[in-house]
Amino acid sequence: QECATDGTTCDKHSRCPVWKEEGECMRNAKYMKEHCPVSCRDIHQEAVTIDCIDLHERCPVWAGLGECKKNPIDMNRYCSKSCKQCEDDNDGKNNEKEKRGDPDNNSKTADDDDDPQCQDGDKNCPYWAKNGECQTNKIWMTTNCPKSCQTCEEIKPKTPRRASQMKPAEVQEILRASASFGEPQTAEGSQTSDTVDIVRASIDYMNSEDVQQLPSAIVASCRNQHHLCSFWALIGECDANKSYMRTNCAPACQTCQLIDIENRCPRLEHAEPALVPGDLNKLFDRIVRTAPGNRTLTEAERQELIDQKMHLYTAHVHSRPSANPVVEVSTVLDKSLPPWVITLDNFLTLEECTELINIGHKHGYNRSKDVGKVKVDGTHEAVQSTRRTSENAWCSNQSGCRDEALPQLLHERMATVMRIPAQNSEDFQLLKYEKGQFYRTHHDFIQHQTKRQCGPRILTFFLYLSDVTAGGGTNFPDLDITVEPKAGRALLWPSVYDSDPMAKDGRMMHQALEVEDGVKFAANGWIHLYDYVTPQSIGCT
Ligand SMILES: O=C(O)CCC(=O)C(=O)O
Ligand SMILES: [Fe+2]
């Protein structure tokens, strides 16, 4: 038998050291303290079981949840009082009791209750609560009598267990589970745990009421389209890159409801339209009247052009409603009078044309696509069509192209001429037609955009960037007009009526005639009724 060095105390059983190794000092503290006081001395001292106190304010709650049985070692160590490991269990309880007055002996105990998450830690809680202790002894009561004080919400763990505390197998299980809503997520390197926490949260989210009550087509398309969605969400991309993330990483961003474009992109009541009825005729009339190349400029006007980085462009009218300004705003008149088609020569210098062509090469010319079927998120498929055989490159905001000096300058130049903000202009679509390529008759107006934040395309500001040896003109069959390509020339036409900037003018059908010899480079500048850049940046076009 083990004895203390001073010989005063000895274990009463030879197996005490073995039992100690088996954890009995903790599991069976009362017996072991009596029979194996020497072997268990260290542990009992450390465990303060003999002092019979709780070392954590939530001990009564945990005890009420059955943790003394489920997790005896830790609980007996830190919650000896609540786990009734004390020599005289009544001591502690009675002390607390005295502080609070004489309880009602018939009070319900914690064990009576069904909700395991919401238990009182003492059978006297209801009595104390009735006597106003939840208010006068708020901190202690909130924690120890959450049910009686109705403070369960406050003590429930707010953040679930972190991945950093999980076993690798658990982490793998969570990552595997993410396959039920898209690409299985990956988490690597120093951000592994934090990424897994995002995945875990998205699993909870996908199972939540919020998601389950959404239309089934939306839930079915709420999928992580990339294995890094959760990592991107972790590093803030749900906000930084809304246009992609909110729909393509919707589980990770917890944005399933935003797949529905009506939720994602509500109508902006106070958006300023670029045109109100009657403005379109005035706009064309003014551009033609003030074209600097068509008149003699004062010195001040000349200087203003230089300040605006504008060239001495000339205007040529191919079609106009009337030789005199039309003042009446009328759809009947709009339909009976010819529409506007004008060109502006020397709108760009040859150097600017070459630079823009090269920007296209830098970003890559690819086979052009048409607008296809609507997708569940309200955007449209881009489809290859035999009616359009050219190639194009987008000078987009996202790639940074739009912010380069020349594209920015040209957007501003067009804005100055039209007096419509550059924000209303789509990214330039840079075009390349080789011999034999064309774009058959079509209209630039896109009907569904009338319901979008950006509104419809109201004008096409088309830029020719090269001369073409033969063919390649832009033809308006209904108007019997063909504009020949010429480097630096701009072609401007409306897609809507003067009297109604939301209504398509069907006469503005046009085609890019086949290039017969040489290469045609050009650029589409599509102007919208409302700001285009902002909705585009959040996936709302
Ligand atoms: O290339 C042209 O002349 C016109 C092209 C066009 O209409 C378009 O890309 O929408
Ligand atoms: Fe077009």
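Fully extending the segment from residue 176 to residue 208 would add 9.6 nm, taking 0.36 nm per residue of separation and subtracting the current Cα-Cα distance. For the pair residue 416 and residue 138, the difference between a 0.36 nm per residue extended length and the Cα-Cα distance amounts to 93.4 nm. Computed with a 1.4 Å probe on the full set of protein chains, the accessible area for residue 282 sits at about 130 Å². Dividing the Cα radius of gyration of the chain by 2.2 N^0.38 Å, with N the residue count, gives 1.59. For residue 225 and residue 312, the FRET efficiency from 1/(1 + (r/R0)^6), where r spans their Cβ atoms and R0 equals 60 Å, is about 0.75.
The alpha carbon centroids of region 471-514 and region 217-279 are separated by 34 Å. Surface exposure of the chain, expressed per residue as accessible area with a 1.4 Å probe, stands at 50 Å².
Between residue 502 and residue 10, with labels modelled 7 Å along Cα→Cβ, what's the label distance in nm to one decimal, could you check? Taking the two extended label points, one gets 10.1 nm. You can think of it this way: the chain between residue 299 and residue 71 has 73.0 nm of extra reach, that is 0.36 nm per residue less the Cα-Cα gap. Taking R0 as 25 Å, what FRET efficiency do you get between residue 336 and residue 379 from their Cβ-Cβ distance, rounded to the nearest 0.05? Between residue 336 and residue 379 the formula returns 0.10.
Helix 279-290 axis versus longest C-alpha principal axis of the chain: approximately 50°, rounded to the nearest ten.
For the chain, the mean residue ellipticity at 222 nm estimated from helices alone is -9000 deg cm²/dmol, where every DSSP H run of n ≥ 4 contributes -39500 (n - 2.57) and the total is divided by all residues, rounded to the nearest 500.
Rg then Dmax, both in Å and based on the Cα atoms of region 345-537: 15.7, 45. Applying a DSSP loop filter and a limit of 13 other Cβ atoms within 10 Å to the trypsin sites (Lys or Arg not before Pro) in region 326-382 leaves 369, 375. Against the chain, whose longest principal axis comes from its Cα atoms, helix 405-418 is set at around 60 degrees. For a paramagnetic label modelled on residue 435 (point 7 Å from Cα along Cα→Cβ), amide N atoms under 18 Å away belong, within region 461-489, to 467-473. When the trypsin sites (Lys or Arg not before Pro) in region 392-444 are filtered for DSSP coil states and for at most 14 other beta-carbon atoms within 10 Å of their beta-carbon, the remaining sites are 419.
Taking the protein heavy atoms of the chain in the context of the full set of protein chains, the accessible area attributed to carbon and sulfur is 48 percent at 1.4 Å.
The simple Förster model, with R0 at 22 Å and r as the Cβ-Cβ distance, assigns residue 188 and residue 239 a FRET efficiency of 0.45. Between helix 168-177 and the chain there is an angle of about 40 degrees, using the helix long axis and the longest principal axis of the Cα atoms. Quick one: which of 373/432; 362/435; 69/138; 282/309; 123/147; 451/504 span more than 19 angstrom between C-alpha atoms? Pairs exceeding the cut-off: 373/432; 362/435; 69/138; 282/309. Beta bridges from DSSP with both residues in the chain: antiparallel share about 100 percent, rounded to the nearest 5.
The values are calculated or read from the model by the stated rules, or taken from the named source; none is laboratory data. Please read these numbers as outputs of a predicted model, since none were measured by experiment. When we count neighbours, we look across all protein chains shown, and the Cβ atoms used for this are built from the backbone with ideal geometry, even at glycine. Ligands, DNA and RNA are excluded from the accessible area calculation, which covers all protein heavy atoms including side chains. Shrake-Rupley method; radii C 1.70, N 1.55, O 1.52, S 1.80 Å.
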